[in-house]
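Inspection log for the structure reproduced underneath, given as structure tokens.
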């Protein structure tokens, strides 16, 4: 498999009250189309990754609405996979190209989350949870807090180690002018931030965010560039209570193994990685489940500086969901944009030297859906 990332586009992430969801989708899409060297009438299909807009706006028909604003006449559809909606849209676009259904495909992930109340956003996001979890009054901070508690009890992971994930990602975010929070935070500030659900503090959680990201994909291998060479999806139970373990996301391991098998690469070949750090514990779990370190060693792996710029395997150079922001439908596409920039050598002050292989992990819910992509130049 070799699908070329022909063009990329990315808006600023943040509280963008002066822009609508459609403004953001159009901005990122037009930037990606321009970068691809194509014109809108050469785009055969538009795949839109979005999770909550229909619930909060009563507008569900996003594919044709966005395509018509871009003057694209081809097929247009919306894809939903909770917080993995963007990654899933990329995955399905790749499958459509491999099947030769479409030649040039625009994928745009977009979300508008700050125009409504926190309670409305929380309720909409819990659409990715199980009915039992909703009836119990659980939210995603509570669900990831359960996973964090289990990891702390089993492996000795500390709140300080989780806070260091936030410190590292905010450092990376300070180098990204597209990030919602482009500034550094100290370990003391992260540890002393308000508790949102023990053991998770405010700085252990990703923010509510507006933003859009877009890529243009095709199968042209006639010229050098950045290619997606592995793309896989795995699933698990929606509810945590039915899982074998609270200290791993099994779907991450399965999707990663499938994606790497498509490429011929091994996890040790990856030079730069974007993972789904919706909460700091999620990045610790990702390091273990992807195979960068052994189970139970993820916190120490990050604590040693291995995943910071200049370390052996820089992770979340964009700032991750923690500092860059988490507009849920856009995140999976933003990961592809960031890795493409890294492999092109155009990531500026956060550039990973000689990056040749990148990996993205996008998670829906607490791991019921996981999408992993591998990119190579």
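Protection proxy ranking, highest mean first, for peptides 91-101, 200-210: 200-210, 91-101, where packing is the per-residue count of other beta-carbon atoms within 10 Å, averaged. Between the Cα long axis of helix 280-290 and the first principal axis of the chain there is an angle of about 70°, rounded to the nearest 10. With springs connecting C-alpha atoms under 10 Å apart, model the chain as a Gaussian network and identify which of 326, 172, 61 has the largest mean-square fluctuation. Highest fluctuation among the options: 61.
Mean separation of Cα pairs under 8 Å and 6+ residues apart, divided by the residue count of segment 304-377: what relative contact order is that in percent?
Working: 78 pairs, mean separation 16.4, N = 74.
Value for segment 304-377: 22 percent.
Taking springs between alpha-carbon atoms closer than 10 angstrom, which of 192, 169, 218 fluctuates most in the Gaussian network model of the chain? It is 192. Remark: spin-label model distance residue 73-residue 198 equals 6.4 nm, labels positioned 7 Å along the Cα→Cβ axis. With angles folded into 0 to 90 degrees, how steeply does helix 331-344 sit against the dominant principal axis of the chain? Use alpha carbons for both and round to 10. Roughly 80 degrees between the two axes. Spatial offset of segment 7-48 relative to segment 166-225 amounts to 20 Å, using the alpha carbon center of each.
Going by average Cβ density within 10 Å per residue, which order do the peptides 352-363, 177-188 take, highest to lowest?
352-363, 177-188
Going through (i) 55, 45, 38; (ii) 77, 53, 38; (iii) 68, 49, 40, the figure that equals Cα extents along the principal axes in Å as computed for the structure here is (i). Is segment 155-204 best put as rounded, prolate or oblate by its Cα gyration tensor, with a ≥ b ≥ c the root eigenvalues, rounded for a/c under 1.5, and otherwise prolate when a/b is larger than b/c, oblate when not? Prolate shape, in that a/c is at least 1.5 and a/b is the bigger ratio.
The antiparallel fraction among DSSP beta bridges confined to the chain stands at about 70%.
In terms of the Cα gyration tensor, with a ≥ b ≥ c the square roots of its eigenvalues, is segment 1-160 rounded because a/c is under 1.5, prolate because a/b exceeds b/c, or oblate? Show your work: numbers first, answer last.
On the way: a/c = 2.19, a/b = 1.70, b/c = 1.28.
Since a/c reaches 1.5 and a/b is larger than b/c, the shape of segment 1-160 is classed as prolate.
Once you have a ≥ b ≥ c as the square roots of the Cα gyration tensor eigenvalues for segment 244-347, tell me rounded if a/c is under 1.5, and otherwise prolate or oblate according to whether a/b is larger than b/c. Rounded, because the longest to shortest axis ratio a/c is under 1.5.
Here the contact order of segment 4-160, divided by its residue count and restricted to Cα pairs under 8 Å and six or more residues apart, works out to 23 percent.
Quick one: helix 21-36 against the long Cα principal axis of the chain, what's the angle to the nearest 10°, folded into 0 to 90? Roughly 60 degrees, rounded to the nearest 10. For the chain, what does the relative contact order come out to in percent, with C-alpha contacts under 8 Å and a separation of six or more? Dividing the mean separation by the residue count of the chain yields 26 percent. Looking only at segment 37-130, where both bridge partners belong to it, what percent of the DSSP beta bridges are antiparallel (to the nearest 5)? Around 0 percent of the beta bridges assigned by DSSP in segment 37-130 are antiparallel ones.
Every read-out reported here was derived from the displayed coordinates using simple, explicitly stated rules and does not represent laboratory data. Here the structure is a predicted model, which is why all the values come from computation and not from measurement. Ideal geometry is used to build each Cβ from the backbone, glycine not excepted, and the neighbour counts take in all protein chains shown.
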